[in-house]
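A short worksheet on the structure shown next.
Coordinate-derived values only; no laboratory data. Note that the coordinates shown come from a computational prediction; the quantities given were computed from them, not determined experimentally. Here the Cβ positions follow ideal geometry from the backbone for every residue, glycine too, while neighbour counts run over all protein chains shown.
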């Protein structure tokens, strides 16, 4: 098979293989390291061969992000209580972004297909909760926005802190910074600083999901 430009299509490559290799590079080196030249070198081909399957870097990042979200949605329980299913989807997404920080950043950009997959998974379970159809949009998007917001924040935190940083030590430093501020100006911050030192990120995330689910149930 030949291309419109002339020449023969590189059969050794596939979009799946290109995206999988790009994901490995993103995990190991971050977004800045992912270029078509570096990816071609990893795949032992020419950069031009990649364009058979992926139009540009943005499309590649979107495809890699969608792969992760597809995995999260596919692993979600189908026959559980819908609240439990939503919690499982949300937590799986949290863990996916923790493992692949670049996903959190990409979800805040333009991978609409990935976002729609997540919305469908969450929204389907919102409907199963018995939420009236007129309230399903606000309910599902509130959950989606919380999950995406937490994902984006975790991705940002991963960029700010070195990989070998001790989490407990880092949180103690942040808490000390909080309590160094004027308690008259920041009374609430002073009160919760101790909780920051010892909090569990996943538990805090699930607490937020549960608060939204409780609100949805109360409104229903």
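Of note:
- Under a Gaussian network description of the chain, with springs only between Cα atoms under 10 Å, the residue in 97, 72, 173 that fluctuates furthest is 173.
- Between residue 17 and residue 211, the modelled label-to-label distance comes to 4.9 nm, taking each label 7 Å out from Cα in the direction of the beta carbon.
- In a fully extended conformation the segment linking residue 59 and residue 181 would gain 39.4 nm over its present Cα-Cα distance, using 0.36 nm per residue.
- Across 182, 58, 200, mean-square fluctuation computed from a Gaussian network of the chain (C-alpha pairs under 10 Å connected) peaks at 182.
- Between 174, 73, 126, the residue with the greatest mean-square fluctuation in the GNM of the chain (Cα pairs under 10 Å linked by springs) is 174.
- Convex hull volume per residue in cubic angstrom - Cα atoms of segment 118-202: 143 Å³
- Helix axis angle, 133-160 relative to the chain longest principal axis, alpha carbon, degrees: 80 degrees
- With contacts taken as Cα pairs under 8 Å and at least 6 residues apart, the chain reaches a relative contact order of 18 percent.
- The chain, helix-only ellipticity at 222 nm - DSSP H runs n ≥ 4, -39,500 (n - 2.57), divided by all residues, nearest 500: -23500 deg cm²/dmol
- Temperature 25 °C, viscosity 0.890 mPa s: under these conditions the Stokes-Einstein estimate for segment 80-152, based on its Kirkwood radius over C-alpha pairs, is 198 µm² per second.
- Gain upon complete extension [residue 168, residue 198; 0.36 nm per residue less C-alpha separation]: 10.1 nm
- On full extension, the segment bounded by residue 84 and residue 142 gains 19.2 nm, given 0.36 nm per residue less the C-alpha separation.
- Our compactness index for segment 62-220, the C-alpha radius of gyration over the empirical 2.2 N^0.38 Å, is 1.15.
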